[in-house]
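Presented below is the structure to which this report refers.
The values are calculated or read from the model by the stated rules, or taken from the named source; none is laboratory data. Because the structure is predicted, anything quoted here is derived from the model rather than measured. Ideal geometry is used to build each Cβ from the backbone, glycine not excepted, and the neighbour counts take in all protein chains shown.
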Amino acid sequence: MKKYLLILSCFFLGGISAQTFAGEANLLKLIQTQYQSILSFSGHFTQTSFRANSEVAPRTAEGEVSYKRPGKMRWLYDAPEEQLLVTNGETLWLYDTLLENVTIQKLEKLTDGTALSFLLGLGDLNEDFKRRKISNSLLKSPQGLIVELEPHKETANLAFIQLEVDPGSYNLRTIVLMDQHGNYRTIALESMSYNIALEDKYFEFEVSAEMEVIEAGNL
């Protein structure tokens, strides 16, 4: 459960372009304003997980992500194994198709001051994070603007995030999540369609009698 919640608790170019825009004081405001203007989106994502001080190759997962304002998200993992993480803005469900169990948790317990709060359209980057200089070049061949943000509220699972955004539209391209132990994940958003019609029921999950239910935290 933890490794998938970290994806959301959870969402950007190096070299010359990053330096050129480093002094752009209102970049966070531009990113925030653009994201807040999006009513919905859907597309493909590729998640790559890197372990610090390990010879093990990075692990890759991919699937489809959808979002609808306010607070609704759906992450469907197709590979390497099928799993579904979905929230209607109040409750979060994580369904493991192989084990046929579903973990249920209240969303409010995961969002306060996190990257997940921003992704759900509920938080504010300027209030929840502090911008700082890029500490590590974690993205290969970036093509957008990169900002690195340190959370105001210290957490065990998040040291900082990096956001790569399109230099023209400021739409998210890549999210990097670094933990306190040097492990990090990159989530690349690809082939995105914006402001599309998505029904609310797409962000609901129906628990059947055959599923094992695991309640995380106090519901």
Working only within the stretch 155-189, note down all residues that are in contact with a His (Cβ under 9 Å, 6 or more places away or on another chain) and either over 25 Å from Asn88 (Cβ atoms) or in a loop (DSSP other than H, G, I, E, B) (or both). Ala159, Ala188
Check the stretch 123-133 and report whether any residue there is of a type in the set (Lys, Arg), surrounded by fewer than 13 Cβ atoms within 10 Å (Cβ to Cβ) and either modelled with pLDDT under 95 or assigned to a loop (DSSP other than H, G, I, E, B) (or both). yes
Pick from the stretch 160-219 the residues that are within 17 Å of the chain's Cα centre (by Cα) and among the basic types (Lys, Arg): which of them is nearest to Leu85 (Cα to Cα)? Arg185
Hey, can you tell me all the residues within the stretch 51-72 that are touching a Leu at 6+ places or on another chain (Cβ under 8 Å) and surrounded by 12 or more Cβ atoms within 10 Å (Cβ to Cβ)? Gly63, Glu64, Val65, Ser66, Tyr67, Lys68, Arg69, Gly71, Lys72
